[in-house]
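**Student:** Below is the structure I would like to discuss, written out as structure tokens.
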Amino acid sequence: MLRLCTMLAASALVACGGGAPDDGGGAATAAAAPDETAAVHAARLAESLGGREAWDRTRYLSFRWIVERDGEIVANREHSWDRYDGRYRVAYAVDGTPHLLLFNVNEVEPHPELDKVPAGRAWVGGEELAGAARDSALRRGYGAFINDTYWAIMPFKWDDPGVHLAYEGTRTLSDGEAYEVVHLSFDQGLGTTEDQYWGFLDESGRMMAWQYHLGRAEAPGEVIWWSDWQPVGDIRFAMTRLLDGGGRFIYFEDVAAGETVPDGRFDPPTP
């Protein structure tokens, strides 16, 4: 699975690490049904996103991942991904200094001090890094890939290897609507195994909210709404994540998806 909160300070993502769940007054209203029921809902979800075939032929995905807290933008990262061969580009600024990382998400090796580091190159302020500084920057970039893409495309990943789905009936959320609830858990060794997610689907099969319980947290976090679904290429994408009862939390800009990769997108900068 893809780990949330890897790159974010607690002040930026207030939902990470706990908070009482808003379950509308109780647990799911039906006992867990066989996994076949969850699979039916997963298929309806895939269809609402444009269909599995549309996602499979979406080779290129890019977006800007933005976190806003108390009216202030606290994170703004630009991502580009060639899903077919693993090429990845992430760019952001730290105190006004630009960072650019180019790596391959399919070529990640264990590191004695940094857990895992992808093969790639890194530039800070226009200067290419080498050695330990490069490895550290690439590890941060890989963490951004893990974190930000799961916020972006989690509904497309329900049928990934090692993901287990269980139907938990319906739950009424703070908007007064009842949603179908599907619980996601993960195989041992797949990311942070202890983490759990719940997806809330409306009558059309679309995921309208999620809730997650990080393994280190004492309780599940708040419900977070996935809203402003829009067509992008052949798929549909939710542009905004809102804390239950709160203002804008995470949103996406410059979203693009297609079957071809823009020329030069993963080229290194010109000296």
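Yes/no per residue for (1) surrounded by 19 or more Cβ atoms within 10 Å (Cβ to Cβ); (2) touching a residue at least 12 places away in the same chain (Cβ under 8 Å); (3) out of contact with any helix residue (DSSP H, G or I) (no Cβ under 7 Å at 6 or more places or on another chain); (4) part of a helix (DSSP H, G or I):
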{"position": "Arg139", "(1), (2), (3), (4)": "yes, yes, yes, yes"}
{"position": "Tyr142", "(1), (2), (3), (4)": "yes, yes, yes, yes"}
{"position": "Phe145", "(1), (2), (3), (4)": "yes, yes, yes, yes"}
{"position": "Trp151", "(1), (2), (3), (4)": "yes, yes, yes, yes"}
{"position": "Ala166", "(1), (2), (3), (4)": "no, yes, no, no"}
{"position": "Thr170", "(1), (2), (3), (4)": "no, yes, yes, no"}
{"position": "Asp175", "(1), (2), (3), (4)": "no, no, yes, no"}
{"position": "Glu180", "(1), (2), (3), (4)": "yes, yes, no, no"}
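**Student:** What are the pairs, 6+ residues apart or on separate chains, where a residue within segment 112-132 that is under 10 Å from His99 (Cα atoms) has its Cβ under 6 Å from a residue that is modelled with pLDDT of 95 or more and loosely packed, with under 12 Cβ neighbours inside 10 Å?
**Tutor:** Gly125/Thr97
**Student:** If the requirement is being touching a residue at least 12 places away in the same chain (Cβ under 8 Å), among the aromatic types (Phe, Trp, Tyr) and not in a strand (DSSP E or B), which of these qualifies: Phe200, Phe237, Phe249, Phe266? Let's see the steps before the verdict.
**Tutor:** On the way: Phe200 fails: not in a strand (DSSP E or B); Phe237 fails: not in a strand (DSSP E or B); Phe249 fails: not in a strand (DSSP E or B).
Just one listed residue meets the conditions, Phe266.
**Student:** Give segment 8-62 a look and list any residue that's on the phi > 0 side of the Ramachandran plot and at pLDDT 95 or above, or say none.
**Tutor:** Of everything in segment 8-62, those that are on the phi > 0 side of the Ramachandran plot and at pLDDT 95 or above turn out to be Gly50, Gly51.
**Student:** When segment 54-90 is examined, which residues are found to be assigned to a strand (DSSP E or B), open to solvent by less than 20 Å² (accessible area, probe 1.4 Å), more than 14 Å from Val255 (Cβ to Cβ) and aliphatic (A, V, I, L, M)?
**Tutor:** Hits for segment 54-90 are Val67, Ala75, Val90.
**Student:** Among the residues of segment 112-127, count how many are surrounded by 14 or more Cβ atoms within 10 Å (Cβ to Cβ) and of a type outside the set (A, V, I, L, M). Please lay out each step first, then the result.
**Tutor:** Step one: of segment 112-127, the residues surrounded by 14 or more Cβ atoms within 10 Å (Cβ to Cβ) are 114, 117-124.
In the following step, the residues that additionally are of a type outside the set (A, V, I, L, M) were identified as 118, 120-121, 123.
Count: 4.
**Student:** Of Ala238, Ala209, which residue is touching an Asp or Glu at 6+ places or on another chain (Cβ under 7 Å), buried (at least 20 other Cβ atoms within 10 Å of the Cβ) and not charged (D, E, K, R)?
**Tutor:** Working: Ala209 fails: touching an Asp or Glu at 6+ places or on another chain (Cβ under 7 Å).
From the options Ala238, Ala209, the qualifying one is Ala238.
The values are calculated or read from the model by the stated rules, or taken from the named source; none is laboratory data. Because the structure is predicted, anything quoted here is derived from the model rather than measured. Don't worry about glycine lacking a Cβ; one is built from the backbone with ideal geometry, like all the others, and counts go over all protein chains shown. Surface areas here come from the heavy atoms of the whole protein model, side chains and all, with no ligands, DNA or RNA. Shrake-Rupley method; radii C 1.70, N 1.55, O 1.52, S 1.80 Å.
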